[in-house]
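Beneath this line is the structure, given in structure tokens, with notes to follow.
The values are calculated or read from the model by the stated rules, or taken from the named source; none is laboratory data. Because the structure is a prediction, the values reported are computed rather than measured. Every residue, glycine among them, receives a Cβ derived from its backbone with ideal geometry; neighbour counts consider all protein chains shown. With ligands, DNA and RNA removed, areas are computed over all heavy atoms of the protein, side chains included. Shrake-Rupley method; radii C 1.70, N 1.55, O 1.52, S 1.80 Å.
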Amino acid sequence: MGDALSEGTIGAMTSPEIRSRGSELLVAVPVGSCEQHGPHLPLWTDSLVAATLCDALAEARSDVAVAPLVGVGASGEHAGFAGTLSVGSPFLAAYLTELVRSSRTWSRGTVFVSGHGGNLDALREVQRTADEEGDDVVTYLPTVPGGDAHAGHTETSLIAAIDDDQVRHNVLVTGNLTPLAELAPALRRDGVAAVSPTGVLGDPTTASALQGRRVLDELVADLLDVVTTRFGAPR
């Protein structure tokens, strides 16, 4: 995973090595979470997804360097589940905005890739500030049409494709299968625990690494398309 100690990240490079990449460098920032994902997925599930997508982007584009993982996001809806950490949307937005400001003198732009939907409000604020200040920023939140909401078939398949050892296959349980649109009011008001004691929204028992690989390939292609549309091909 492209975390702070990975050799593929900016943190492992020297300042002259970064400078040698030139002013066309794009900084890809994986933004995840540390929150419950049921009894079968690790707390850093969203971080794994974000880091994997950033690593794939860097492999596909020579002008991309991956920043250290932002591993704690806005996860207040998962409060009450052991292990969940959250900093809230305002703090997260302020933190990510400072990353943009601190890199503007040596990079062309920033690509934020979030593996957690709860980070969306913060990312919108980051984008608004970047547009006002003239920074070139893309915020990307992967979405899977028809996918279930949290720690279900879709997310479990993704993690199985990325690193199947992360999945506790012996404790898979079906969660609340009510469509997210119907659950949304209760989720916003009372959090995930109020609608799913296990923390699962969906059915992970049907997950497969093969399906996860297909989804992952589609997400990588989508991310590449978004970045190329905004910044063009590597120069």
- Would you check if residue 195 is under 27 Å from residue 57 (Cα atoms) and surrounded by 15 or more Cβ atoms within 10 Å (Cβ to Cβ)? no
- Query: Going by the conditions given, is residue 200 closer than 19 Å to residue 47 by Cα, in contact (Cβ under 8 Å) with a residue 24 or more places away in the chain and more than 18 Å from the chain's Cα centre (by Cα)?
  - Reply: yes
- Note on the structure: Going through (1) in a helix (DSSP H, G or I); (2) of a type in the set (A, V, I, L, M, F, W, C); (3) open to solvent by 20 Å² or more (accessible area, probe 1.4 Å) one by one, residue 57 fails only at (3)
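Just name the residue that is farthest from residue 15 (Cα to Cα) out of those in segment 103-120 that are of a type in the set (Val, Ile, Thr) and open to solvent by less than 50 Å² (accessible area, probe 1.4 Å).
Checked segment 103-120; the qualifying residue farthest from residue 15 (Cα to Cα) is 113.
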- Note on the structure: Only one of (1) closer than 20 Å to residue 52 by Cα; (2) surrounded by fewer than 17 Cβ atoms within 10 Å (Cβ to Cβ); (3) charged (D, E, K, R) does not apply to residue 155, and that is (2)
- Query: Within the set of pairs 6 or more residues apart or between chains, which connect a residue that is closer than 11 Å to residue 29 by Cα inside segment 51-72 to a residue that is basic (Lys, Arg) and in a loop (DSSP other than H, G, I, E, B) with Cβ atoms less than 8 Å apart?
  - Reply: 65/21
